[in-house]
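The values are calculated or read from the model by the stated rules, or taken from the named source; none is laboratory data. Remember, it's a predicted structure, so these values are computed and weren't measured experimentally. Note that each Cβ is placed from the backbone with ideal geometry, even for glycine, and that neighbours are counted across all protein chains shown.
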Amino acid sequence: MTSGPPSEAVDLGLWFATFNEIAILAQLSRTLMEARLPHGLLQPQFGVLNHLVRVADGVTPLALARAFQVPKTSMTHSLAVLERHGLVEMRPNARDGRSKCVFLTDAGRKLRDGTIAALTPDIAALAHRFDAARLRGALPVLTELRQIMDTLRDPVSGHTGATGAQDP
């Protein structure tokens, strides 16, 4: 990662255009994802399932809310939807006995994996129109940008705002 001040003046137009493109891509990918999810589930709920598979099973709703940078009430709603569908299970927290922890069920893992499989034809169609080598080249740049932005949301770094929890 690079550090220190940029050697040239900040090009706000470049930054705005970049964030605008990322936002549009996020909206397009969300719409595509939600078209492959069962009725009643949305991308934020899929994001929780994906997080539980990739990062941590058995975490508290508060830890999930921090990781996703959403209010605890929003995460509570998403977890209630997932629990109603039998995709997660809430169990008492063995460490404190007061809070609950979220665990992925077999059905939740199966739905997550099935959704990814259902996206395969869509991704194949993209791959026929966009060179994977270019994507491979862009991914490290986007990852580094995300990592830097992630450190800026951490209260320890002196910035205010979100929580600094691990990425979803």
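Summary of values
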| read-out | value |
| --- | --- |
| Test: residue in the stretch 105-121 that is part of a helix (DSSP H, G or I) and under 23 Å from Arg153 (Cα atoms) | no |
| Answer residue from the stretch 51-68, given it is at pLDDT 90 or above and surrounded by fewer than 17 Cβ atoms within 10 Å (Cβ to Cβ) and is nearest to Asp106 (Cα to Cα) among those | Val53 |
| Members of the stretch 115-125 found to be surrounded by 13 or more Cβ atoms within 10 Å (Cβ to Cβ) and not β-branched (Val, Ile, Thr), listed by number | Ala118, Leu119, Asp122 |
| Single unsatisfied condition, Val81 versus (1) in contact with a helix residue (DSSP H, G or I) (Cβ under 7 Å, 6 or more places away or on another chain); (2) surrounded by fewer than 13 Cβ atoms within 10 Å (Cβ to Cβ); (3) among the β-branched types (Val, Ile, Thr) | (2) |
| The lone exception for Val102 - which of (1) of a type outside the set (Phe, Trp, Tyr); (2) assigned to a helix (DSSP H, G or I); (3) surrounded by 20 or more Cβ atoms within 10 Å (Cβ to Cβ) it fails | (2) |
| Residue tally, condition touching a residue at least 24 places away in the same chain (Cβ under 8 Å) and within 18 Å of Arg146 (Cβ to Cβ), over the stretch 23-52 | 3 |
| Asp11 vs. criteria of a type in the set (Asp, Glu) and in contact (Cβ under 8 Å) with a residue 24 or more places away in the chain | no |
| Filtered residues of the stretch 122-149 (kept if part of a helix (DSSP H, G or I) and among the charged types (D, E, K, R)) | Asp122, Arg134, Arg136, Glu144, Arg146 |
